[in-house]
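> Here's a structure for you.
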Amino acid sequence: MKTNSFLFAFLSAWLLLSNGTAYAQNIWYAAPTAAGNGNGMSWANASSLAIVLDSLAHAGDEVWVKQGRHKPVFDYSRKPAPQDPRTKQFTLPDGVRLYGGFAGNETLRTQRNWRTNITTLSGDLNGNDGANFANNAENVYHILLSVDSHLLTTLDGFSVSGGNADGSNTGYQVGNTWVAGENGAGIFALTSAMTIENCLFKSNKTIGSGGALSLEGSGLTMKNCEFSNNKAGYGGAISSNNSSNSTINRCVFQGNVSNYEGGALENYINSSPTVTNCLFINNTSLAGGAIENYSSAPTITNCTFTANNSQSGTGVYSQVSSAPTITNCIFWGNSTASACILDRNSVSTISYTTIQGTIAYAGVGNIRTDPMFLNIADLDGADNQFMTTDDGLQLGVCSYAIDGGTNSVLHTTDIVGTAIPVLATVDMGAYENTTNAALPAATITASSVGNI
């Protein structure tokens, strides 16, 4: 009876993952140029990524993708030569796990190196993009589309670049939702819950929302990703819309631009992501240099905000009954055009946070003392790579941010992967100090908040 019960449970799980069709787990091999007979069953016979996703991979399968530049071939209706080539995109099958970073000879997934074997999903059909989005007129509207996916659907180890969602009068219907050609140049996710790890999103541009990602009713899990030099009307890197509640951990948002609101993140209408251990650097917008909230309540913990620019809320701008919770963070070195955290008909709950400026923000444990970043002139350190132990935004000697947070929102590691807390209490910001002793704790009362 035990054996039969186990077999029933196993088959039921596979049927669920496969939407009613049972498939054995396969590993498919994809390369920029198909090899051998192109059946995708080995590196020697690698298929193109477009063919693997369109015809071969099913729920439960893995796709190993060789380094190089991969471009979409099919549109959403699976036409290989659509009337408008810019409608081409990679459509992610539900429950399929994509892994980049392979040299093309590995026999184990653990042998890949996604940092050195750069695997790019590109929207640049002509391969001629220049700096500042030059020569991108022919680029695809969306590089990837995810519809109704669950957490097993994975994108891991890729660079996603060159999407150009400027199609104000283009798009197509998926269920009851219109997928507009002006949103989500990197990924457009509709009612999805996929996992994204170890990815770089750079140089994607929209005239609408979400330069890198546009989320509609979706809750993604994102970890160890970087969003760099993306641009949009709203949400330079990510636009979360209509109850899109993602988990964003150990990510870097640098140099993203929004023409209007949310230089890095826009959270719109009941979209309340959990943002932890992240860096927001040199993002720009009219309102919300780093983050803008509209009728939303994100949770922002142990994040560092610096060099962001805005006329209203250089760090976080909240409006229309938003209620963000900000804990154990650092806001320092942002432009001084406005307050670091600005509420309009909204209430932010701020505690145990370092905030530069003359405004005394209400909340327990907030201070206005220089966090003494280790090297503000070299934020990513000698290795030119964020989320490593030589980063310049680590806390310097005798910073009051060391041991200055609260363990009430404690998580397991910092942005580098250091177990926390090192001392009795977690530090403020994204980096947990591992070498310096803490200063004697300041005595903070309700009457002294904002006077340190």
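Every read-out reported here was derived from the displayed coordinates using simple, explicitly stated rules and does not represent laboratory data. Remember, predicted model here, so these are calculated numbers, not experimental data. Cβ sites come from the backbone with ideal geometry, for glycine too, and all protein chains shown count toward neighbours.
> Let me have the 222 nm mean residue ellipticity of the chain computed from DSSP H runs of 4+ only, each contributing -39500 (n - 2.57), with the sum over all residues rounded to the nearest 500.
Calculated at 222 nm, the ellipticity per residue is -1000 deg cm²/dmol.
> Just going by the charge dipole of the chain, with Lys and Arg at +1 and Asp and Glu at -1 on Cβ, which of Gln111, Ala44, Val316 is farthest out on the positive end?
The one lying farthest along the dipole's positive direction is Ala44.
> Would you mind telling me the antiparallel percentage of the DSSP bridges in the chain, rounded to 5?
5
> Still on this structure, I have one more. Starting from 0.36 nm per residue, how many nanometres of slack lie between Val347 and Asn375 once their C-alpha separation is accounted for?
Once the chain is fully extended between Val347 and Asn375, it gains 6.7 nm.
> What is the gain in length, in nm to one decimal, between Leu410 and Asp390 on full extension, counting 0.36 nm per residue of separation less the C-alpha to C-alpha distance?
Length difference between fully extended and current span is 4.8 nm.
> Ok, one more. Based on Cβ point charges of +1 for Lys and Arg and -1 for Asp and Glu, what charge dipole magnitude is obtained for the chain about its Cα centre, in debye rounded to the nearest 20?
620
> If I stretch the segment between Arg115 and Leu152 completely, what's the gain in nm (0.36 nm per residue apart, minus their alpha carbon distance), one decimal?
Length gained between Arg115 and Leu152: 11.1 nm.
> Could I ask something else about it? Could you check the spin-label model distance between Asn259 and Thr435? Points 7 Å from the Cα along Cα→Cβ, value in nm.
Placing both labels 7 Å beyond Cα along the Cβ direction yields 4.6 nm.
> Which of the aspartates and glutamates could a cross-linker bridge to Lys66, judged by Cα under 13 Å and excluding same-chain residues fewer than eight apart?
Glu106, Asp156
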